[in-house]
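Below is one structure, written out as structure tokens, with a few remarks after it.
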Amino acid sequence: MKRNLNRLLSSAGFAALLFAVAGCKCPMSGSCGASGPVVGPTTKDAQAALTPQQAFAELRDGNARFVAGKPRHRDNAADVKATASGQYPIAVVLSCLDSRQPIELVLDQGIGDIFSARVAGNVLNEDILGSMEFACKVSGAKVIAVIGHSNCGAIKGAVDQVDLGNLTGLLAKVKPAIDQVPDTGSPRTSKNLEFVDKVSEANVRLVMQQIRDRSPILKEMIDQGQIMLVGGMYDLETGKVQFYEK
């Protein structure tokens, strides 16, 4: 298995490793099932073998499969049993609460493959930051991904300064991102979807910086190349995630 680690940068290589660990002989031929090969959860060996760059490549490739309508075949019942005694996700993803952005489906990942943190506006707080530290430092995740999306209702509420119970404090976390978007003279309201999407991207980048600034543990792991920190924007119309590293 170790001799083949240099092949893992491709999604096929990663799939091959998963199948080798699971005991399937031919991961690309469809021999593991009548409707095509069945991919199981990330295993301890597969997680340990991955570099952060390879784990990130799998997230990108997973989204490409989702967009193409060619997700991997999975046996959820078997995956539940396989992960009951342990989990070895490749990434932790912070995404929006929005029901149109189910992140495991969007990235074509299954049970046991990613840690998923979801909150309106994909904002950061101490609980989520602590969860990321657990995911990476304790459980071995190789990537932190912050993924916003187009036409975000939370961002719209923030730019319109919505005041509604506990939501008010959450939306206030988006204000620094609003301030970072240059004033071009166009309306800075929720009706201007171009402005909303610019704020959404600025918010993702802001959260990425906050992760570095507020967690010495994660910053050290990022700086030492033990994990990657990436951002992305999910397009509600196409299903595509546009990733960026800075």
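The values are calculated or read from the model by the stated rules, or taken from the named source; none is laboratory data. If you're wondering where the values come from, they're calculated on a predicted model, not measured in any experiment. So basically every Cβ, Gly included, is an ideal-geometry build from the backbone, and we count neighbours across all protein chains shown. These area figures cover heavy atoms from the full protein model, side chains too; ligands, DNA and RNA do not enter into them. Shrake-Rupley method; radii C 1.70, N 1.55, O 1.52, S 1.80 Å.
Within segment 142-155, does at least one residue satisfy the condition of being closer than 26 Å to M228 by Cα, open to solvent by 40 Å² or more (accessible area, probe 1.4 Å) and free of Cβ contacts under 8 Å to residues at least 60 places away in the same chain? No; the residues of segment 142-155 include none that is closer than 26 Å to M228 by Cα, open to solvent by 40 Å² or more (accessible area, probe 1.4 Å) and free of Cβ contacts under 8 Å to residues at least 60 places away in the same chain.
Checking the conditions here, which among A84, A91 is at pLDDT 95 or above, over 26 Å from E126 (Cβ atoms) and hydrophobic (A, V, I, L, M, F, W, C)? So that I can check it myself, show each step before the final result.
Values: A91 fails: over 26 Å from E126 (Cβ atoms).
One residue alone meets the criteria, A84.
Hey, can you tell me all the residues within segment 78-91 that are loosely packed, with under 13 Cβ neighbours inside 10 Å and of a type in the set (A, V, I, L, M, F, W, C)? Within segment 78-91, V80, A84 qualify. Picking from residues in segment 39-77 that are touching a helix residue (DSSP H, G or I) at 6+ places or on another chain (Cβ under 8 Å) and among the polar types (S, T, N, Q), the one that is surrounded by the fewest Cβ atoms within 10 Å (Cβ to Cβ) is T43. For segment 92-114, the count of residues that are of a type outside the set (A, V, I, L, M, F, W, C), open to solvent by 10 Å² or more (accessible area, probe 1.4 Å), free of Cβ contacts under 8 Å to residues at least 60 places away in the same chain and closer than 24 Å to D223 by Cα is zero.
Filtered by the rule that a residue be of a type in the set (G, A, S), closer than 15 Å to V92 by Cβ and either assigned to a loop (DSSP other than H, G, I, E, B) or open to solvent by 50 Å² or more (accessible area, probe 1.4 Å) (or both), segment 205-234 gives a lone residue, S215. The single condition from (1) over 29 Å from L170 (Cα atoms); (2) open to solvent by 40 Å² or more (accessible area, probe 1.4 Å) that N125 fails is (1).
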